[in-house]
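The values are calculated or read from the model by the stated rules, or taken from the named source; none is laboratory data. Since the structure is predicted, the reported quantities are computational estimates derived from the model, not experimental observations. In this analysis, Cβ positions are derived from the backbone assuming ideal geometry, glycine residues included, and neighbour counts consider all displayed protein chains. In case anyone asks, the SASA skips ligands and DNA or RNA and just uses the protein heavy atoms, side chains included. Shrake-Rupley method; radii C 1.70, N 1.55, O 1.52, S 1.80 Å.
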Amino acid sequence: MENFDDSTLDELAAMVCGDEPGMKRRRGWELALFLRRAGWEDVPDHDGSPRQRWVLDLLRERKEDDTGDIERVVLRLADRREYQQQPSEYEPVFERLQEVLALEGRRIDYRNGQPFLVEYDPDEPPRLQRVELKVAIADIVSDPDLARAVQLRLDEAHICQEHGAYTSAVIMLGSLLEGVLVHAAEARSANVPLPKPLRATGLQDLVQHAHTNGWIDQDAKMASELLRTYRNLVHPLAEKRAKHSADFDTADLCWSTVNAVLNDLAASNQRF
């Protein structure tokens, strides 16, 4: 996936230097360290010349050698480990990187927490979720303040999904699902009561309660149990034990789960 345009190399050099507001700024002596972390070999120390010009000249040399080093720079710029001390500096770089790569017909995706390049057609419609949300939040949540909070979390989960923060999207989806089910347990008359006080009830019990009372279907119940498992990856130790990190397909499954539950809740709400 080499053959980057010269204008793209110029943008990459600017992102490596990080002189734009909000981006991670690297001083002259840090530039060679960054390139080595990206996997480059035989990197000279900065010679004191203008930083961006120095990086650009190196990028052009490596492009001519066709060694894959340009792609390594792209992937290191998108690597969250590069921003551990200042996580807020990751987002501006990532957004700009995606904009630049889109012009090259590529974009960054993540697998097991690590970035990789994929081909990308900006004119191609986004992949559809398996289950679409067919209702408004107000059809499910009668409390206006809670409805606004749920909608905000849905919007934030979309942002996380679009920018490759799949674990964050899953956590957000799990939290909003739990909130909606708590509201249903409080607001609806139940033929079968909860086995324990609501304040001591977790997502698994809430899902079972909604299914037992006919508020959600069996498929939504089974899928919700999977979402609960993925949501627990909020704990790094759980992610380590599972040897799995959320990716696009994980988040896509969780989106479909939440949409299915919300659709069922809206449909059953009309019967109560």
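The accessible surface of the chain, taken with every protein chain in place and a 1.4 Å probe, is 48 percent carbon and sulfur.
Calculated from DSSP H runs of 4 or more alone, at -39500 (n - 2.57) each and per residue, what is the 222 nm mean residue ellipticity of the chain, nearest 500?
Details: 11 runs with 153 residues, N = 272.
Calculated from helices alone, the mean residue ellipticity at 222 nm is -18000 deg cm²/dmol.
Between the residues L227, F94, A184, the greatest Cα displacement towards the positive end of the dipole of the chain, with unit charges on the Cβ of Lys, Arg, Asp and Glu, is found for A184.
Report, in degrees rounded to the nearest 10, the 0 to 90 angle that the Cα long axis of helix 203-212 makes with the longest principal axis of the chain. Once rounded, one gets 40 degrees. Taking chymotrypsin sites (Phe, Trp or Tyr not before Pro) across segment 11-48, none is in a DSSP loop with at most 14 further Cβ atoms lying within 10 angstrom of its Cβ. Taken about its Cα centre, the chain carries a charge dipole of roughly 1560 debye when the Cβ of each Lys and Arg holds +1 and the Cβ of each Asp and Glu holds -1. Charged side chains reduced to their Cβ positions (Lys and Arg at +1, Asp and Glu at -1) give segment 1-60 a dipole of some 380 debye around its Cα centre. If the elastic network links every pair of Cα atoms under 10 Å, which of Q151, Q85, Q204 fluctuates the most in the Gaussian network model of the chain? Between Q151, Q85, Q204, it is Q85 that shows the largest mean-square fluctuation. Among (1) 123; (2) 131; (3) 147, which is the computed volume of the Cα convex hull per residue in Å³? Checked against the structure: label (3).
Of the candidates R188, R241, R231, which one comes out as most mobile in a Gaussian network treatment of the chain with C-alpha springs shorter than 10 Å? In the Gaussian network model the winner is R241. Magnitude of the charge dipole for segment 1-100, about its Cα centre and with charges confined to Cβ atoms of Lys, Arg (+1) and Asp, Glu (-1), is about 540 debye. Relative to the dominant Cα principal axis of the chain, helix 144-162 is inclined by about 40°.
For the chain, the longest principal axis of the Cα atoms and the long axis of helix 28-37 meet at an angle of about 60 degrees. Computed over the chain with a Gaussian network model linking Cα atoms closer than 10 Å, the most mobile of E61, E104, E91 is E61.
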